[in-house]
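What follows draws every value from the coordinates through simple rules; no lab data is involved. Keep in mind it's a predicted model, so treat the numbers as computed, not measured. All Cβ positions, glycine included, derive from the backbone under ideal geometry; neighbour counts span all protein chains shown.
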C-alpha cells in the first residue's frame, strides 16, 4: 500500500509498529510520525510509572514489581514478535517494547497539567506535546428531567466497550437515583436492558460527548483518552472507574494531580460513591486547578499545532540511512513553539 500511495509523510497511532513503515521511510527518504494518543508514559523513563500499570508517580517499589511481572507475562508474545521482526530484516526490540519512538517526530496528546516529571527530558526537536486534541460534535440541548430539575448534572459514560457492562451501569444508575443530582448515562447498544430508570436519570444509546461535557458539573468515566482530555479541556472534575488499557494510569494521574478522583470499578459502596461525587461538586481547589488546565489547553489548539509540525517536517531534508533529519529555519521555529 505504501509503495502504491507514495506518501510524503506517514503518521501512525497504534500499539505496535509495522516494519513496513520504517522500511518505506528508509528507502524513500520520507519521515514517519508516531502519534501517542494515550498516556505520556508510553515513552518510558526511569522516574515515571510504567505504561498500563496504574501506579502512582512516586511508587518506585510498585514500578519495579509491575515491570518484573509485565515482562514475565509478555515474554512469549514478545519472543514471537521479535521472531517476526527478524524474519523481515528488522532489529529486535527490548523485552516488553513493541513500538519505538520515531527518529523524526513524535506527537503526544498528553496535557501539561498532568505531565510527569521525567529524569530525561524529551527533546522538542523529536517530541511535541499537543495539549490534547478535542473532538467537535453538533450542539446538544440538555433534556428536561422528571426530578431534581435544579440539581447538579452528571454525565456517565464508559465508552462503547464499557457499555456492555450492564450490571455495573444498572448499579450506578440505581445509586445515582438516590442522590440529589441529575445524570445523563450512555448505555450504548443496550438501551432495551434499562426498563426501570429513576426520574433524575436519562439514558440513551449515545451522547455527543464534547458538546455534553461543557454543560455538566462532573463526569464519571472509564479513563479513556478522549474522556480524560475532554474533561481537562472543559475544566470538569472526573471520577474515573478504570477497567482497561491506559484508564488505570489516567485514573491514578487525575487523582494525584488533584484534577479528579478514582474509584475501583466494582469495590465500592453507595456511600463511597456519593462521597466522591459530592467531593467533585464542592472541592473549590480542584475547580481552580481545572480552570487553569482548561485555560492552558484552550489557548493551544492541538490539531493546528500538529498540522504545523507535520508540515514543517515534510519540508525537512531527510538523509537516507541516518536516524534524523536536518531542519530548515521554518521547521526549527515550529518545533520551538
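Quick notes on this one:
- Helix axis angle, 247-256 relative to the chain longest principal axis, alpha carbon, degrees: 70 degrees
- R0 of 35 Å, Cβ-Cβ distance residue 304-residue 205: FRET efficiency to nearest 0.05: 0.60
- In degrees, nearest ten, helix 270-282 long axis to first principal axis of the chain (Cα): 70 degrees
- The helix-only estimate of mean residue ellipticity at 222 nm for the chain, built from DSSP H runs of length n ≥ 4 each weighted as -39500 (n - 2.57), is -11500 deg cm²/dmol after division by the residue total.
- For the pair residue 20 and residue 275, label points projected 7 Å from Cα toward Cβ lie 5.4 nm apart.
- Global form of segment 225-264, assessed from the alpha-carbon gyration tensor, a/c cut-off 1.5: oblate
- Packing-based exposure ordering (other Cβ within 10 Å, fewest first) of 144, 100, 72, 42: 144, 72, 100, 42
- Counting only DSSP beta bridges with both residues in the chain, the antiparallel share comes to about 5 percent.
- Contact order, relative form, for the chain: 18 percent (alpha carbon pairs under 8 Å, 6 or more residues apart, mean separation divided by residue count).
- Classified by the C-alpha gyration tensor, segment 1-110 has an oblate form. Its axis ratio a/c, with a ≥ b ≥ c, is 1.5 or above, and a/b does not exceed b/c.
- Each Cα pair under 8 Å and six or more residues apart adds its sequence gap; the mean of these over the residue count of segment 153-298 is a relative contact order of 21 percent.
- From the coordinates shown, Rg and Dmax of the Cα atoms in Å corresponds to which of (1) 22.0, 67; (2) 22.2, 72; (3) 19.7, 62: (1)
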